[in-house]
Ligand SMILES: Nc1ncnc2c1ncn2[C@@H]1O[C@H](COP(=O)(O)OP(=O)(O)O)[C@@H](O)[C@H]1O
Ligand SMILES: [Mg+2]
């Protein structure tokens, strides 16, 4: 691939060379034409410089100036020659008057002839001589153009090189960076054309930097959250090891199991969250029937609901509603919402999953008649590891963070509200209609 400098040089120069060649051809023809006219004018002037009646026999007898290029002859009214400038090259007297061309001894002549009542004056010039001068004059007039080409090439090379300097500067600025230097590039001294590139690079640096910060926070949070249950596990294990009482040992081991299960759940949720955070738009590539998804998730959780005697229902009113999405992510998202609804609704409660079609959007809704969440806390429940106090349930605090990730990935919005009865909670995930098929 050629450099921009080379491309500009070649492009501009080829255009200019073609133009200059055309101008040269035009100039050459024009100069030849003008010179030709000038020669004709001179011939006419020579003829007119003779007196109207030359009676004297002034004919030179020998050619004293062999370099003479023009033959001037005068005949009197009886057609006898009274003057010739060059006896060695005498031309016959022609009947034609004015300008005309003849061939004498295989040489072409340009003749001008005028006649009055007393005499005929005829001037002849070798066409070859005229052409020699014409061509040399025309060629000399082209010299400025020939000097123009290398001068322009040099000028373009220098100017383009200068204009591209910011690009080289940007390349150096980026090349010198270490992998963790994500501060923005100094925007001073860049041309307006370069600004979009510099701004995009800066925006990219900013995004990469924030995502790295998020990752760091995530790892720190995860390590912190894992440390507590693991430390508790170890304590529990020490207790079981030390005890001699069989009953105490049994209940200790049972608690150990519970704690282990919680730790496993936490790790599973962490893994899911990490995997969901890694997904990108390209994974949103399947047609998903929301009613079907709702039925699947409800059946996944039917046992859990039965255990608490919770009425878990699905309301999808017949019509199939399809969105573009990632099936695993959507199932995990709805699963987390239903899991929460069952978990945070007391025994004999009621949980409903519904799919509602509106003019601008499609809404996936999970409602329950459980303990609900005070309005002040509703913003925070989507934060990682955030759990409301006093629910009496165990959990990781990651479920709704996963829900947020999946919703963001699908450009869906989440709203939390409470039923008209005031008891319980409604999660509504609203997908934009333009993503419908
Ligand atoms: N349907 C609900 N009803 C009442 N509280 C809820 C409901 N869903 C979530 N919450 C509250 O939001 C908190 C965060 O939920 P989540 O992120 O799923 O974490 P986890 O369920 O592991 O605690 C829960 O601890 C709970 O207090
Ligand atoms: Mg949860």
Exercise. Might you let me know whether segment 344-366 holds any residue that is within 12 Å of ligand 2 (Cβ to nearest atom), closer than 23 Å to residue 259 by Cα and assigned to a helix (DSSP H, G or I)?
Key: no
Quiz item: All but one of (1) at pLDDT 90 or above; (2) in contact with a helix residue (DSSP H, G or I) (Cβ under 6 Å, 6 or more places away or on another chain); (3) more than 13 Å from ligand 1 (Cβ to nearest atom) hold for residue 315; which doesn't?
Solution: (2)
Quiz item: Of the residues 335, 370, which is within 12 Å of ligand 1 (Cβ to nearest atom), assigned to a loop (DSSP other than H, G, I, E, B) and surrounded by fewer than 22 Cβ atoms within 10 Å (Cβ to Cβ)?
Solution: 370
Quiz item: residue 358: surrounded by fewer than 14 Cβ atoms within 10 Å (Cβ to Cβ), near ligand 1 (Cβ under 9 Å from one of its atoms) and either without any contact (Cβ under 8 Å) to a residue 60 or more places away in the chain or within 22 Å of residue 316 (Cα to Cα) (or both), yes or no?
Solution: no
Quiz prompt | Number of the exception - residue 293 against (1) more than 16 Å from ligand 2 (Cβ to nearest atom); (2) surrounded by 16 or more Cβ atoms within 10 Å (Cβ to Cβ); (3) more than 48 Å from the chain's Cα centre (by Cα); (4) in a helix (DSSP H, G or I) | solution = (3)
Practice problem: Quickly run through segment 396-423 and pick out the residues that are within 12 Å of ligand 1 (Cβ to nearest atom), over 13 Å from residue 337 (Cα atoms) and assigned to a loop (DSSP other than H, G, I, E, B). | Solution: 396, 418, 419, 423
Practice problem: Could you figure out which of (1) over 30 Å from residue 281 (Cβ atoms); (2) out of contact with any strand residue (DSSP E or B) (no Cβ under 6 Å at 6 or more places or on another chain) isn't true of residue 352? | Solution: (2)
Practice problem: Give just the number: which of (1) surrounded by 17 or more Cβ atoms within 10 Å (Cβ to Cβ); (2) in the same structural domain as residue 401 (by TED's automatic domain parsing) does residue 269 not satisfy? | Solution: (2)
Exercise. Run residue 382 past the list (1) away from ligand 2 (no atom under 12 Å from the Cβ); (2) in contact with a helix residue (DSSP H, G or I) (Cβ under 8 Å, 6 or more places away or on another chain) and report the number of the one that doesn't hold.
Key: (1)
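Mind counting the residues in segment 239-285 that are over 41 Å from the mean Cα position of the chain (by Cα), part of a helix (DSSP H, G or I) and more than 16 Å from ligand 1 (Cβ to nearest atom)? Reasoning before the result, please.
Let us first name the residues in segment 239-285 that are over 41 Å from the mean Cα position of the chain (by Cα), namely 239-268.
In the following step, the residues that additionally are part of a helix (DSSP H, G or I) were identified as 239-242, 246-268.
Among the residues that remain, those that are also more than 16 Å from ligand 1 (Cβ to nearest atom) are: 239-242, 246-257, 260.
Residues meeting the conditions: 17.
The values are calculated or read from the model by the stated rules, or taken from the named source; none is laboratory data. Because the structure is a prediction, the values reported are computed rather than measured. Counting neighbours? That spans all protein chains shown, and the Cβs are built from the backbone with ideal geometry, glycine included.
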